[in-house]
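Notes follow once the structure below has been shown.
The values are calculated or read from the model by the stated rules, or taken from the named source; none is laboratory data. It should be emphasised that the depicted structure is a prediction, and the values quoted were computed from it without experimental measurement. Don't worry about glycine lacking a Cβ; one is built from the backbone with ideal geometry, like all the others, and counts go over all protein chains shown. Please note that ligands, DNA and RNA were not included when accessible areas were found on the heavy atoms of the full protein model with its side chains. Shrake-Rupley method; radii C 1.70, N 1.55, O 1.52, S 1.80 Å.
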Amino acid sequence: MNLAAQLPVLPIITPLIAAPLTILMPSEKFGGRAPYVWATLVAWAAFAACAALLHAVATAGPISYHLGDWAPPIGIEYRIDLANALVLTLVSGVAALVMPFSFRSVRAEIDPRQTSLFYAALMICMAGLLGVTITGDAFNVFVFLEISSLSTYALVAMGGRTDRRALTASFNYLVMGTIGATFFVIGLGLLYQATGTLNMADVKHQLAGDNNRMVEAGFAFIVVGMGLKAAMFPMHLWMPNAYAYAPSVVSAFIAATATKVAVYVIIRFIYSVIGIEFGFIEAAFNYLLMPMAIAGMFFASIVAIFQDDVKRMLAYSSVGQIGYMLLGVSFGTEQGLTASLVHLINHGMMKGALFMAAACVMLRVGSHSISAYAGLARRMPATAAAFILSGLSLIGAPLTVGFISKWQLLAAAFDSGRAWAGFLVVASSFLAVIYVGRVIELMLLRPPAPDAAGVKEAPLSMIIPLLVLTGANVYFGLNTELTVDLAERAAHALMGSAR
Amino acid sequence: MEFLTFFVERYNYWIFITLMMMGLYIVIARGNLIKKLIGLNVFQTSVFIYYISIGKIAGGTAPIYVAGDMEKRGHEGGHDGAPAAALPGKDPLGQGAIHADEGLSENFGFAGNDLAALTGGAAPPHGEAVHSLPAGGANDILAAPPVTIGDHASPISDAARAAAEVVYSNPLPHVLILTAIVVGVATTAVGLALVVRIREAYGTIEEDELEAADHVAEFGESPAQARGAA
């Protein structure tokens, strides 16, 4: 058997098989190192497979992998083109950094008896997210989505050891997430009834621009369902608490990946499953996605300004950033789609780095309230530097990835004749200046709290992954070859497949 | 009258919509976490019913392979059937699913007949088993013309011949929903486990009391003040 031919399935089955094995490992012996090392190796293996896939797709074009050698549309197909290869690399890349990062933080926040369970759930979550991204079968999306969501509910609830509010946050997330997933299934049922197939490309082929009310209803259900999972503006209520009270490592992982994957699914369904030639898609862009995106950009950013909890502030900021991605999609142009994909990748990097910095502060100061950040630049210089750099990236300062996304988004707005949208993007960026600026000001200028005298820099096992991810924020801000060029090609391919 | 026909013909959808709305209402309106979960279950179950009802075919029997079936029908039900099962526009409301249930009781007779024939016993007299099939159903391809069987005691070979022409329901939605049911069970299990943990941590599972307790944790007010403020 040729391993290279089986490459597309490796990112999924590696963590999926590794996760149950993790449960067999001793949680408390060796200080919980066994599951930690195992999870790290698995995440690296998945990342290597995803990077190889990205390389293969970038050089040789889309890959179609038939599970069990059943040809699509009957069999399940994994279809990898540039768009999902980029998202796959993001998800596995964040996992490959979060896993080595996690050790000390997990030991501080998770019950030692649950260490192996924790890593198993984290791996299943990763497998689910990668599966959602890689699959070319619409129902498969739902299954993987629920695999990742169910493990996320458990992971969020594990924060209940330090703060019991994690339990209610997780319950709310479960209720909202299940409603979202069920809406998605209803939408799939309608599409299936209209076309008799579940393979994404085949649905597109069968629909062939044939418009009817059922496809419209199916589309509406899918967008609402996925909008719930992606924390699209009016449906974001589950998110701030879930991100704030989850264990720090979990926040860092899901904030950087879960909502991005849901946005990717929305893009995939609009372009590759339904196709944008339908009149109602245009209406959905103009009257649903765009207003909601803009409302989210402003509303969530304003709410973020008034948060006293840094993790919750970052969560609200995520809602606003999802708004930027959806705004790019809603332009309905290739450039808008490029901006959206670029921001999807870039936002994963910056939010991952910010939540990882918050995890370092949580470990050393023991709180994620904003007062814990006072005078931190002197106590934890590396963490503070990472937070500031990724914070600037979130604002969109030049030389960072945030600038690249904002630039793409502005160019797309002006080119599609929506200059006002461009101005709104800039205006909402000023709100980001305020909420990020608050924390930066505290870290740089305020004296540290008197009881924080013993606070020292986070351990190297955390600092190195954090600095790597922050470095990625700067590197991809200077060298846009990988992200922007690939995103442009991905957007071009999506546009091509949509017609 | 036309309206009534419209209404009655789509009764499976009305069941689905009613259940779905009831479920959603319970999730939103009830403060008790267990009741919320039950509402969520009702909501999910309504979707299961929707999927199952769209897989039903007039005169179709359970999609269980009977001996002799393979040679004649081969992959029709699987390979070529699913993608071409229905063309959009022709039948946006899936008429097949609606008419399907007319023959529900007879279908059981059908299945029973086959079984009796297979075991070599004399099939009970069944009369005419021909149902008129609607044109252009969601599951057209699968619905080959039904045959009259059971009018003579059949040895196995005859049964196989008859079985080869059996009309099957579309199994795919059923299989999908089996997966979804498993997901639903897992969701409920995780949800109930969370409720247990919440009860341990807070001493209550009423949403307003939980909110009051969280309010205290955040703003340092007593529950009474918090409730007054809310």
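For the stretch A:1-55, a residue qualifies if it is small (G, A, S) and modelled with pLDDT under 90, and the qualifying residues are A:A4, A:A5, A:S27, A:G31, A:G32, A:A34.
Residues of the stretch A:163-180 that are more than 8 Å from chain B (Cβ to nearest Cβ) and free of Cβ contacts under 8 Å to residues at least 60 places away in the same chain: A:G180 alone.
Of all the residues in the stretch A:227-246, those that are farther than 20 Å from A:F299 by Cβ and in a helix (DSSP H, G or I) number 1. If B:S53 satisfies all but one of (1) touching an Asp or Glu at 6+ places or on another chain (Cβ under 8 Å); (2) surrounded by 16 or more Cβ atoms within 10 Å (Cβ to Cβ); (3) of a type in the set (G, A, S); (4) touching a residue at least 60 places away in the same chain (Cβ under 8 Å), what's the number of the condition it fails? Against the list (1) touching an Asp or Glu at 6+ places or on another chain (Cβ under 8 Å); (2) surrounded by 16 or more Cβ atoms within 10 Å (Cβ to Cβ); (3) of a type in the set (G, A, S); (4) touching a residue at least 60 places away in the same chain (Cβ under 8 Å), B:S53 comes up short only on (4). For the residues A:T162, A:T178, the requirement of being within 30 Å of B:G31 (Cα to Cα), surrounded by fewer than 24 Cβ atoms within 10 Å (Cβ to Cβ) and hydroxyl-bearing (S, T, Y) singles out A:T162. Looking across the stretch B:177-194, the residues that are within 20 Å of B:V27 (Cα to Cα) and surrounded by fewer than 18 Cβ atoms within 10 Å (Cβ to Cβ) come down to B:I181, B:V185, B:A186, B:T188, B:A189, B:L192, B:A193.
Given the condition over 20 Å from the mean Cα position of the chain (by Cα), open to solvent by less than 10 Å² (accessible area, probe 1.4 Å) and among the polar types (S, T, N, Q), answer yes or no: does some residue in the stretch A:198-214 qualify?
Of the stretch A:198-214, the ones over 20 Å from the mean Cα position of the chain (by Cα) are A:198-214.
Going one step further and asking which of them are open to solvent by less than 10 Å² (accessible area, probe 1.4 Å), we end up with A:199, A:203, A:207.
Of the ones still in play, those that are also among the polar types (S, T, N, Q) are A:199.
Taking every residue of the stretch A:198-214 in turn, at least one turns out to be over 20 Å from the mean Cα position of the chain (by Cα), open to solvent by less than 10 Å² (accessible area, probe 1.4 Å) and among the polar types (S, T, N, Q).
Here is a yes/no grid of residues against (1) open to solvent by less than 10 Å² (accessible area, probe 1.4 Å); (2) aliphatic (A, V, I, L, M):
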| site | (1), (2) |
| --- | --- |
| A:G75 | yes, no |
| A:A95 | yes, yes |
| A:E109 | no, no |
| A:A121 | no, yes |
| A:T135 | yes, no |
| A:I147 | no, yes |
| A:V156 | yes, yes |
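Just one residue in the set A:R446, A:R438, A:R378, A:R418 is of a type in the set (D, E, K, R), out of contact with any His (no Cβ under 8 Å at 6 or more places or on another chain), in contact (Cβ under 8 Å) with a residue 24 or more places away in the chain and within 17 Å of A:D309 (Cβ to Cβ); that residue is A:R438.
Looking at B:F43, B:F48 in this structure, which one is open to solvent by 30 Å² or more (accessible area, probe 1.4 Å), in contact with a helix residue (DSSP H, G or I) (Cβ under 9 Å, 6 or more places away or on another chain), in contact (Cβ under 8 Å) with a residue 12 or more places away in the chain and within 11 Å of chain A (Cβ to nearest Cβ)? Steps first, please.
Numbers: B:F43 fails: open to solvent by 30 Å² or more (accessible area, probe 1.4 Å).
Going through B:F43, B:F48 in turn, just one is open to solvent by 30 Å² or more (accessible area, probe 1.4 Å), in contact with a helix residue (DSSP H, G or I) (Cβ under 9 Å, 6 or more places away or on another chain), in contact (Cβ under 8 Å) with a residue 12 or more places away in the chain and within 11 Å of chain A (Cβ to nearest Cβ): B:F48.
Being away from every other protein chain (no Cβ under 13 Å), assigned to a helix (DSSP H, G or I) and touching a residue at least 40 places away in the same chain (Cβ under 8 Å) is a property that A:V156 lacks. Output yes when any residue across the stretch B:147-157 is more than 9 Å from every other protein chain (Cβ to nearest Cβ), open to solvent by 30 Å² or more (accessible area, probe 1.4 Å), within 30 Å of A:Q193 (Cα to Cα) and at pLDDT below 60, and no when none is. Yes: one or more hits. Exactly one residue out of A:A217, A:A194, A:A201, A:A181 is touching a strand residue (DSSP E or B) at 6+ places or on another chain (Cβ under 8 Å), assigned to a helix (DSSP H, G or I) and under 24 Å from B:T179 (Cβ atoms): that is A:A201.
Yes or no: the stretch A:15-38 includes at least one residue that is within 24 Å of A:M462 (Cα to Cα), in contact with a Phe, Trp or Tyr (Cβ under 6 Å, 6 or more places away or on another chain), open to solvent by 10 Å² or more (accessible area, probe 1.4 Å) and in contact (Cβ under 8 Å) with a residue 60 or more places away in the chain. Taking every residue of the stretch A:15-38 in turn, at least one turns out to be within 24 Å of A:M462 (Cα to Cα), in contact with a Phe, Trp or Tyr (Cβ under 6 Å, 6 or more places away or on another chain), open to solvent by 10 Å² or more (accessible area, probe 1.4 Å) and in contact (Cβ under 8 Å) with a residue 60 or more places away in the chain.
Counting the residues of the stretch A:458-499 that are assigned to a helix (DSSP H, G or I), open to solvent by less than 50 Å² (accessible area, probe 1.4 Å) and of a type in the set (V, I, T) gives 5. Considered as a group, the residues in the stretch A:181-191 that are more than 7 Å from chain B (Cβ to nearest Cβ) and touching a residue at least 40 places away in the same chain (Cβ under 8 Å) include one that is surrounded by the fewest Cβ atoms within 10 Å (Cβ to Cβ), and that residue is A:F183.
Can you go through A:M297, A:M292 and tell me which one is of a type outside the set (D, E, K, R), open to solvent by 30 Å² or more (accessible area, probe 1.4 Å) and in contact (Cβ under 8 Å) with a residue 60 or more places away in the chain?
Working: A:M297 fails: open to solvent by 30 Å² or more (accessible area, probe 1.4 Å).
That would be A:M292, the only listed residue that is of a type outside the set (D, E, K, R), open to solvent by 30 Å² or more (accessible area, probe 1.4 Å) and in contact (Cβ under 8 Å) with a residue 60 or more places away in the chain.
Which of the residues spanning the stretch A:313-366 are of a type in the set (K, R) and under 20 Å from A:A262 (Cα atoms)? Correct list: A:K351 only.
Residue-wise test of (1) under 16 Å from the mean Cα position of the chain (by Cα); (2) closer than 21 Å to A:V224 by Cα; (3) not basic (K, R).
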{"site": "A:G275", "(1), (2), (3)": "no, yes, yes"}
{"site": "A:F280", "(1), (2), (3)": "no, yes, yes"}
{"site": "A:A283", "(1), (2), (3)": "no, yes, yes"}
{"site": "A:D308", "(1), (2), (3)": "no, no, yes"}
{"site": "A:T333", "(1), (2), (3)": "no, no, yes"}
{"site": "A:V342", "(1), (2), (3)": "yes, no, yes"}
{"site": "A:L354", "(1), (2), (3)": "yes, no, yes"}
{"site": "A:S367", "(1), (2), (3)": "no, no, yes"}
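In the stretch A:76-110, what residues are within 18 Å of A:S251 (Cβ to Cβ) and not in a helix (DSSP H, G or I)? Break it down stepwise before answering.
Kept after step one, since they are within 18 Å of A:S251 (Cβ to Cβ), are these residues of the stretch A:76-110: A:90-91, A:93-110.
Listed by number, the list holds a single entry, A:I110.
Annotation note: of A:S369, A:S390, the sole residue that is in contact with a strand residue (DSSP E or B) (Cβ under 7 Å, 6 or more places away or on another chain) and either more than 20 Å from A:R107 (Cα to Cα) or surrounded by fewer than 24 Cβ atoms within 10 Å (Cβ to Cβ) (or both) is A:S369. Within the stretch A:372-382, the set of residues being at pLDDT below 85 and open to solvent by 50 Å² or more (accessible area, probe 1.4 Å) comprises A:R378, A:R379.
Residues to consider are A:M290, A:M200, A:M214, A:M232; find the one that is touching a Gly at 6+ places or on another chain (Cβ under 9 Å), closer than 30 Å to A:G391 by Cβ and either of a type outside the set (G, A, S) or within 14 Å of another protein chain (Cβ to nearest Cβ) (or both). Before the answer, list the steps.
Numbers: A:M290 fails: touching a Gly at 6+ places or on another chain (Cβ under 9 Å); A:M200 fails: closer than 30 Å to A:G391 by Cβ; A:M214 fails: closer than 30 Å to A:G391 by Cβ.
A:M232 is the lone residue from the list that is touching a Gly at 6+ places or on another chain (Cβ under 9 Å), closer than 30 Å to A:G391 by Cβ and either of a type outside the set (G, A, S) or within 14 Å of another protein chain (Cβ to nearest Cβ) (or both).
All conditions in (1) in contact with a helix residue (DSSP H, G or I) (Cβ under 7 Å, 6 or more places away or on another chain); (2) away from chain B (no Cβ under 12 Å) hold for A:G279, with the sole exception of (1).
Considering the stretch B:194-210 alone, what residues qualify as being on the phi < 0 side of the Ramachandran plot and more than 8 Å from chain A (Cβ to nearest Cβ)? So that I can check it myself, show each step before the final result.
Taking the stretch B:194-210 as the starting set, the residues that turn out to be on the phi < 0 side of the Ramachandran plot are B:194-202, B:204-210.
Result: B:V196, B:R199, B:E200, B:T204, B:I205, B:E206, B:E207, B:D208, B:E209.
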